[in-house]
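Below: one structure in structure tokens.
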Amino acid sequence: MITRRLKIDPLNPDPEIISLAGNIIKSGGLAAFPTETVYGLGANALDPDAVSRIYQAKGRPSDNPLILHVSNLSQAESLVFMNGKARMLAKKFWPGALTLVLPARDIVPLKTRGGLETAAVRCPDNLIALELIKSSGVPIAAPSANTSGRPSPTDSESVYHDMNGKIDLILDAGSVRVGIESTVIDISDPDRVLLLRPGGMSRALIEDALNMTLERPDSQSSKRSPGTRYKHYAPSIPVIICNKDSRLDDININHAGYMGVHEPHENFSRKIIFASYSDYAHGLFAGFRELETQGLSCILVEWPEDDSGINEGLRDRITRAAGNNKI
Ligand code: TXA
Ligand code: MG
């Protein structure tokens, strides 16, 4: 399959390109597009065959459900049974990096929701994404546009690297704004709201709006996000967590890369120092993809000092990329 790549202006998207991409989605094809968090790999969420092609292109386990991207609240209401609290959050935070898991209506194919009774909905804060959803006339199922297990793509080059020859189209709008995926909450029981995946929208903002604490599902819970069971975000070389005070004597720093907000004491041959934690979150996945190509043997990543704001999501991505590697 030939994968077309088209540049598109994020502030003023060319309607012809949007309509071409919309037609691909409408007719059962696959188109990658930017959102504010990461690039998504989109297909018609209501067409099980199109959705199967997503799983195939990514090599994704078929019991890991997809997020349905909508252009507004009423489209979400046509897919899931909203409750008052979910509606309030959607009104307050959409478009934005918040995904709501709610009881699914029958119209959502089991394939899209990985066989579950719930489905995840989100309205992305990106003009190209919103125009594409409207143009296609259907909700767009879109996981991150990477090969399953790899770092999520935050620019079109990364999408191309993983998806060339496997999908119909990549809309190239440069780098995304946030850099890690949306926050996923299960709000199917409005009295007990679960944080399934910390991400682009901070826990504090959601808790303030709800006036309640978000619970984390325990690792045995059936309410756990299926996606968290799998290996994730890993570059092709090991990732090792360190902190400001870690002793790195055992690491051959000539063959290691480093990412963090603090300058390390050691003189790494390749390092990426970020000006803030939000820059760190923005650059984490692109940093993994850059450093894995430099002939290094591992990447050291600095553990964020606290878990406020974006840091809870950043810690989550770092932990899952590193597994148990820590010094
Ligand atoms: O920012 C994002 O959310 C990006 C962009 C493209 O919108 N999308 C994304 O999709 O990260 P994906 O497929 O890589 O991650 C979706 C997560 C997975 O962990 C999945 O298990 C969870 O959402 N999820 C989806 N539907 C669910 C459901 N019904 N119940 C529980 N978890 C669900
Ligand atoms: Mg993903």
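What are the residues whose amide H is under 5 Å from the amide H of A119, where those residues sit 5 or more places off or on another chain and H is modelled from the backbone?
For A119, the qualifying residues are L102, A104.
Now for a different question. For the pairs K271/K326; K7/K134; K26/K166; K26/K134; K58/K134; K26/K92, flag any whose C-alpha to C-alpha distance is greater than 21 Å.
Those over the limit are K58/K134; K26/K92.
Please check: in the Gaussian network model of the chain (C-alpha springs, under 10 Å), which one of M82, M259, M212 has the largest mean-square fluctuation.
Largest GNM mean-square fluctuation: M212.
In sequence order, what are the phi-derived ³J(HN,Hα) couplings for the range 34-49 according to the Karplus relation 6.51 cos²θ - 1.76 cosθ + 1.60 with θ = phi - 60°, rounded to whole Hz, with x for glycine and proline?
For the range 34-49, the Karplus-derived couplings read x, 10, 6, 8, 8, 6, x, 10, x, 8, 4, 5, 9, 10, x, 5 Hz, x marking Gly and Pro.
In degrees between 0 and 90, to the nearest 10, how far off the longest principal axis of the chain does helix 15-26 point, with axes built from Cα atoms?
So the inclination is approximately 80 degrees.
A further question on this structure: Excluding ligands and nucleic acids, what accessible area in Å² is computed for R216 using a 1.4 Å probe, to the nearest 10?
Spelled out: R216, probe radius 1.4 Å, area about 110 Å².
Please report the carbon-and-sulfur percent of the accessible area for the chain; probe 1.4 Å, protein heavy atoms only, DNA, RNA and ligands left out.
48
Go through T147, T112 and list them by solvent-accessible area, largest first, probe radius 1.4 Å.
Largest accessible area first, the list is T147, T112.
Another question, if that's okay. Would you mind checking which residues have amide H under 5 Å from S246's amide H? H placed 1.01 Å from N; only 5 or more apart, or other chain.
Amide H to amide H, under 5 Å and 5 or more residues apart or across chains, S246 pairs with nothing.
For the chain, what does -39500 (n - 2.57) per DSSP helix run (n ≥ 4), summed and divided by total residues, give at 222 nm, in deg cm²/dmol to the nearest 500?
It lands at -8000 deg cm²/dmol.
So what are the ³J(HN,Hα) numbers for the range 66-75, from phi and the Karplus equation (6.51, -1.76, 1.60; θ = phi - 60°), rounded to whole Hz, Gly and Pro as x?
Computed from phi, the couplings for the range 66-75 are 9, 8, 8, 8, 10, 9, 6, 5, 5, 5 Hz.
Which one, H282, G309, I187, projects farthest toward the positive side of the charge dipole computed for the chain from Cβ point charges (K/R +1, D/E -1)?
Projecting each Cα onto the dipole axis, the largest value belongs to I187.
If you place +1 on the Cβ of every Lys and Arg, -1 on the Cβ of every Asp and Glu, and leave all else neutral, what size is the dipole of the chain about its Cα centre, to the nearest 20 Debye?
Computed charge dipole of the chain: roughly 740 debye.
Give the dimensionless ratio obtained when the Cα radius of gyration of the range 239-322 is divided by 2.2 N^0.38 Å.
1.00
Just to confirm the number: angle between the C-alpha axis of helix 127-136 and the first principal axis of the chain, 0 to 90 degrees, nearest 10?
30
Another one. With a probe of 1.4 Å, find how much accessible area the chain has per residue, and write the answer as a whole number in Å².
For the chain, the per-residue accessible area is 42 Å².
Mind ranking T154, T293 by accessible surface for me, highest first, 1.4 Å probe?
T293, T154
Hey, can you grab everything whose amide H is under 5 Å from the amide H of A32? Only 5+ residues off in sequence or another chain; H modelled, so Pro and N-termini drop out.
Long-range HN contacts for A32: G42, L169, I170, L171.
Who wins for biggest fluctuation among L46, L89, L300 in a Gaussian network model of the chain, springs between alpha carbons below 10 Å?
Judging by the Gaussian network model, the answer is L89.
Going from most exposed to least, what order do K271, K134, K91 have by accessible area with a 1.4 Å probe?
K91, K134, K271
Restricting to Cα pairs below 8 Å that are 6+ residues apart, what does the relative contact order work out to for the range 239-322? Please round to a whole percent.
Dividing the mean separation by the residue count of the range 239-322 yields 40 percent.
Give the accessible area for H232 in Å² (nearest 10); use a 1.4 Å probe, count only protein heavy atoms, and leave out ligands, DNA and RNA.
Spelled out: H232, probe radius 1.4 Å, area about 40 Å².
A follow-up question, please. Restricting the count to DSSP beta bridges whose residues both fall in the range 4-224, what percent are antiparallel, rounded to a multiple of 5?
55
The values are calculated or read from the model by the stated rules, or taken from the named source; none is laboratory data. This is a predicted model, so every value here is computed, not measured. Ideal geometry is used to build each Cβ from the backbone, glycine not excepted, and the neighbour counts take in all protein chains shown. Only protein heavy atoms, including side chains, enter the accessible area calculation; ligands, DNA and RNA are left aside. Shrake-Rupley method; radii C 1.70, N 1.55, O 1.52, S 1.80 Å.
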